[in-house]
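Note sheet for the following structure.
The values are calculated or read from the model by the stated rules, or taken from the named source; none is laboratory data. Remember, it's a predicted structure, so these values are computed and weren't measured experimentally. Using ideal geometry, Cβ is built from the backbone for each residue, glycine included, and neighbour counts are taken over all protein chains shown. Each accessible area value is taken on the protein alone, full model and side chains, heavy atoms only, with ligands, DNA and RNA left out. Shrake-Rupley method; radii C 1.70, N 1.55, O 1.52, S 1.80 Å.
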2 protein chains.
Amino acid sequence: MKLISGKIVERLARYRTFLTEQAPGHRTHLFSHEIAAAMRTADSQVRRDLMAIGTQGVPRHGYEVDALMEKLDQALCLDRTHAVAVVGAGHLGRALIAFLEASRSTLCIKAAFDTDPATFGRVYSGVKCHSMASLEAVTAREGITLAILCVPASAAQGAADQLVGAGIRGILNFAPVALRVPVNVALEELVITTYLEKLAYFTTHPSKERRNGRHEER
Amino acid sequence: MKLISGKIVERLARYRTFLTEQAPGHRTHLFSHEIAAAMRTADSQVRRDLMAIGTQGVPRHGYEVDALMEKLDQALCLDRTHAVAVVGAGHLGRALIAFLEASRSTLCIKAAFDTDPATFGRVYSGVKCHSMASLEAVTAREGITLAILCVPASAAQGAADQLVGAGIRGILNFAPVALRVPVNVALEELVITTYLEKLAYFTTHPSKERRNGRHEER
DNA sequence: TCTTCTGTGTGATTCCGATCACAAAGAAGA
DNA sequence: TCTTCTTTGTGATCGGAATCACACAGAAGA
């Protein structure tokens, strides 16, 4: 299977959550236009995306839900587990731990890290918090490949460097700083204020509708 | 000033946080290539974006930081305040309140809402929590136009409907559900697992670098 | 078995965003 | 003042993503 573009991967991930959200076994088949309606895209878009992962549908019946889920898991590499670390056990970090642990999946939080000694050894939602000094050791021991970064902006780059040094492969950054990481480390910037500001812009403008990437209105 | 595309708005917001992050008054002027380097884009991209909001630079000197900030605030409508509500005062909701209140800006959280009676009347990081029943009244009283939605997936659509009914103009959704809202309400879906899954995909693939939208590697 | 009708698979096209490349501006130095 | 050199502003170009449009598949019903 060839490499899929980021845009498509993102939509595939969304289709997947949509499917899991549907009552399991409620419908054995779904039409592309049904998925499209839920996702606010065109049906042809959905078909194209599903084609990219080699899914087959049947005319007049649509796509078989179970087979589709399997293909999606496989394409998104969610058929194996991924060990995740949360760096920064402040409010946001702990909230994310609780949030992600609740939605049990193959993305499994294995450890938290912080600089505050008061947090060392504490357990949040079943996840133990370690000192930043032990990051490399714990990461290696637990086989952690992904990190969620929710430290203050001033500490973000330093923490990122440390993560890269520890061999992390991907970082999800919540700190309002544009991080610099090597090319071989995947980086996803999720600065919340950015999206709030985007909302502020589109709500205060007498805008005709506008649709793109993440921003959708209807 | 004409309507700016979502992509550009997003980058403008990022330029803005980059500028605020710079020591104020440290440099009076910045070159497009300096901003570009920090943002991991091309300098021509930065110039194009700044052109879209009518900023003027001077050859050999770059862009004046203060003037640029002013233009950005104006373009992004951040020169007026926007009242924001947080719906769902669980871990995530409270973390976001703390996080956003810390970074004081013109985006100001005015109220929180929850269904749990235990939260009614409580104050989190200076923000008072109300019952969902009082949503419409409080929203109107406080002039709230934006909402951050962090309720469980099952409650998300209902809460969204209520928000729309209360006249909210934009929703930032953290619940893993594709919401349906009227066209005139701006919607930004920020489902965290989606981005984690995207990371999982790109870290487990022997991918050549790939760059697009939010996903950037270097 | 044959026809019909609905939904898939996909080439063709359109649209939009990013990049390139270069002319114009204008500060610095002679 | 004139030349030089760097950075801006922007038309032109490129590429990729979304949309369109339609041939094809095949289930349902006669």
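Given A:V58, A:V46, which one is open to solvent by 70 Å² or more (accessible area, probe 1.4 Å) and within 16 Å of DNA strand D (Cβ to nearest atom)? Exactly one residue qualifies, and that residue is A:V58.
Only residues that are free of Cβ contacts under 8 Å to residues at least 24 places away in the same chain and away from DNA strand C (no atom under 15 Å from the Cβ) were counted in segment A:54-93, giving 4.
Taking segment B:29-53 as the range and being under 15 Å from B:A13 (Cα atoms), within 10 Å of DNA strand C (Cβ to nearest atom) and not in a helix (DSSP H, G or I) as the test, the residues that pass are B:R40, B:T41. Looking only at segment A:155-193, residues that are part of a helix (DSSP H, G or I) and more than 9 Å from every other protein chain (Cβ to nearest Cβ) come to 11 in all.
When segment A:131-154 is filtered for residues that are outside any helix (DSSP H, G or I) and closer than 24 Å to A:V191 by Cα, the ones remaining, listed by number, are A:I144, A:T145, A:L146, A:A147, A:I148, A:L149, A:C150, A:V151, A:P152. When each of A:L72, A:L68, A:L92, A:L100 is tested for being assigned to a helix (DSSP H, G or I) and in contact with a Cys (Cβ under 8 Å, 6 or more places away or on another chain), the lone residue that passes is A:L92. Within segment B:186-207, can one find any residue that is under 19 Å from the mean Cα position of the chain (by Cα) and open to solvent by 30 Å² or more (accessible area, probe 1.4 Å)? No, segment B:186-207 contains no residue that is under 19 Å from the mean Cα position of the chain (by Cα) and open to solvent by 30 Å² or more (accessible area, probe 1.4 Å).
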